[in-house]
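The values are calculated or read from the model by the stated rules, or taken from the named source; none is laboratory data. Computed from a predicted model, the values in this text were never measured in an experiment. Note: ideal-geometry Cβ built from the backbone for every residue, glycine included; neighbour counts use all protein chains shown. Areas reflect the complete protein model, heavy atoms only, side chains present, ligands, DNA and RNA absent. Shrake-Rupley method; radii C 1.70, N 1.55, O 1.52, S 1.80 Å.
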Amino acid sequence: MKQFGKLLVACALIFGVSANAQTEDNPWAITVGGNAINFLAAGNDGQVGNSGYEEAKMFTEFFNVEDQWNYVPAVSQLTVARYMGSGVSLDLTGTFNKLTQYGNHSDENDNPISPNDLDDGNYFGLDLGVNYHLNTLWSGLNWLDPYVRANGGYNWMEINDSTERGLVAGGGLGINFWVADNIAIKAQSVYKNNFAEELENGNYFQNTLGLTFAFGGSDVDGDGIYDKYDACPEVPGLEEFKGCPDTDGDGIEDSKDACPEVPGTAEFNGCADTDGDGVADPNDECVDTPGLKELAGCPDADADGIADHKDGCPQEAGPAANNGCPWPDTDGDSVLDKDDQCVDVPGTVANNGCPEATEEVVKKLNDYAKTILFDSGKSTFKEQAYVALNAMNAIFKEYPTAKFDLGGHTDSYGSAKSNQLLSERRVNAVRDWFVANGIAADRLTATGYGETMPIDTNKTRAGRANNRRVEVKLAK
């Protein structure tokens, strides 16, 4: 029996020292072990002893392993238990033993008397027990599991070549030392009152030492947290997260971690901030370079509100409309190119960057216009007219936003009606030539005045020549 006890202890130590008790998590348990039966310590007819002397004597015989314990040095007891809840468990136990000691009296020399020859007598027992586990009354010591027990059953004893059988009932104490989550060392002592009438002095103590294996709890993902408590029953996880994982080990469970594969901080919801600019990496367009929150974590060296990697001129402030670069002023007239209608020609702010036609320019135009000559009575140009037309066209182009009114005039030779029509045809011919040579049509208007606006006398050849003219005015 001593060797069997050592074997149980050694097996238990192999499994470690972390412990848990049999509970709803592992409601089933099997105990395998050995048992020892002591008749002498149980007294007569269920009494502890006949006198105070005998009582004390018999109490000491409880521990007399060599002379009073009946046992076999092998597995001789099997118990199947079911935890019912609230600290109560039920069990069914089957026991086998060899009876070699049956002394419950002593002679005058204090020697045990064995009135029956029980050598190699067999014992069989079947018991139903109810246990109340006292560790439900406190917390923090689940590994220490003492209990009180009541049981009833039936036993068979071979005595004097006959089999005595009968009901037994009793109770006792036990304790489980949970040395691992599912493994305990069990020690139990139960007093059994034997109700078989044929068997005198058949009461006995039955002591048990065994290994208990608890099972029945479901832990699909094998993370040590039973499925009923596991918020992630199919994925291995941590106890502090109710069985859910923390893949990157940053202390934030994956379901609440915006970056479950990369260690981060709670400040950034489980994500990292590699460049330390206060912008979490998933939201940072410039992960390795400190930047501004309003620019998605990217820098803005020229402080123009445009991130450097999107800024055409990162070292020089400029508007977004020009890709972060300052607007140029190509002609240097203080009107930016974006507003300058004459980018390559200096002009005035008042004229949107274009040069303004002055009275001097208009006079120059009219000096050329006077030399535009037509074929007599027609609206076609004489050859020498093209010199003036080309010179005027060049001036018009110098002032691309200026608009002009062209006026056609005749002398008084012929009828007023015919002169009116002739002046209209001639002035429109001039306008059409300018339009055909690059002047926008909306910049020029053409009006025929006939003979109504002479500038000289029509009585002389020279006067009539002066009255046949084209005039240019700056449109208002």
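Provide Rg over Rh for the range 408-476; use the alpha carbon set for both Rg and the Kirkwood Rh (inverse mean inverse pair distance).
Radius of gyration relative to Kirkwood radius: 1.03.
Per residue, how large is the accessible surface of the chain? Use a 1.4 angstrom probe and give square angstrom.
Spelled out: the 1.4 Å probe surface of the chain, per residue, equals 52 Å².
Could you sort Met453, Met84, Met157 by their accessible area in this structure, using a 1.4 Å probe and putting the largest first?
So, going from the largest accessible area down, we get Met84, Met453, Met157.
Any chance you could look up the accessible area of Leu238 with a 1.4 Å probe, heavy atoms only, rounded to 10 Å²?
Number for this one is 70 Å².
Bin all alpha-carbon pair distances of the chain at 20 Å intervals from 0 and give each bin's fraction as a whole percent.
17, 21, 12, 11, 9, 9, 11, 8, 2, 0
Roughly what % antiparallel, to the nearest 5, for the DSSP beta bridges in the chain?
Percentage antiparallel, nearest 5: 95.
Filter the GluC sites (Glu not before Pro) in the range 227-256 down to the DSSP loop ones having no more than 10 other Cβ atoms within 10 Å, then list what survives.
Sites meeting the loop and neighbour criteria: Glu234.
Note down the relative contact order for the chain as a percent, whole number, built from C-alpha pairs under 8 angstrom at least six residues apart.
9 percent
Could you quote the convex hull projected area for the range 355-476, Cα atoms only and averaged over all directions, in nm²?
7.1 nm²
Report in % the part of the accessible area of the range 311-363 that belongs to carbon and sulfur, leaving out ligands and nucleic acids; probe 1.4 Å.
That fraction is 52 percent.
Return one number: the angle in degrees, 0 to 90 and rounded to the nearest 10, between the long axis of the Cα atoms of helix 385-398 and the longest principal axis of the Cα atoms of the chain.
30 degrees
Nearest 10 degrees is fine. How inclined is helix 2-14 to the longest principal axis of the chain, computing both from alpha carbons?
Rounded to the nearest ten degrees, it is 0.
Restricting to DSSP loop positions (anything but H, G, I, E, B) with no more than 11 other Cβ atoms inside 10 Å of their own Cβ, which chymotrypsin sites (Phe, Trp or Tyr not before Pro) remain in the range 386-438?
For chymotrypsin sites (Phe, Trp or Tyr not before Pro) across the range 386-438 that sit outside H, G, I, E and B with at most 11 neighbouring Cβ atoms in 10 Å, the list is empty.
Considering only protein heavy atoms and a 1.4 Å probe, what is the carbon-and-sulfur percentage of the accessible area of the range 205-269?
Carbon-and-sulfur percentage of accessible area, whole number: 57.
Using only the Cα atoms, what convex hull volume per residue in Å³ does the range 273-354 have?
Convex hull volume per residue, Cα atoms: 80 Å³.
Hey, what did the range 367-464 get for relative contact order, percent, Cα under 8 Å, at least 6 apart?
Answer for the range 367-464 is 29 percent.
Calculate, axis by axis, the spread of Cα positions in the range 303-404 along the three principal axes, and write the results as whole Å, longest axis first.
71, 23, 16
Only sites in a loop by DSSP and with at most 15 other Cβ atoms within 10 Å count here; which GluC sites (Glu not before Pro) in the range 328-433 make the cut?
Sparse-neighbourhood loop GluC sites (Glu not before Pro): Glu356, Glu383.
Please enumerate, by chain and number, the lysines with C-alpha under 30 Å from the C-alpha of Lys310, excluding those fewer than 8 residues away in the same chain.
Candidates past the 8-residue exclusion: Lys293, Lys338.
I'd like the orientation of helix 416-436 relative to the chain: the angle between its Cα long axis and the longest Cα principal axis, in ° from 0 to 90, rounded to 10.
Tilt of helix 416-436: around 40 degrees.
With the crude spin-label approximation of a point 7 Å out along Cα→Cβ, what separation in nm comes out for Asn323 versus Val220?
5.8 nm
Would you mind giving the average projected area, over all directions, of the Cα convex hull of the range 124-204 in nm² with one decimal?
Dividing the Cα hull surface by four gives the mean projection, 6.2 nm².
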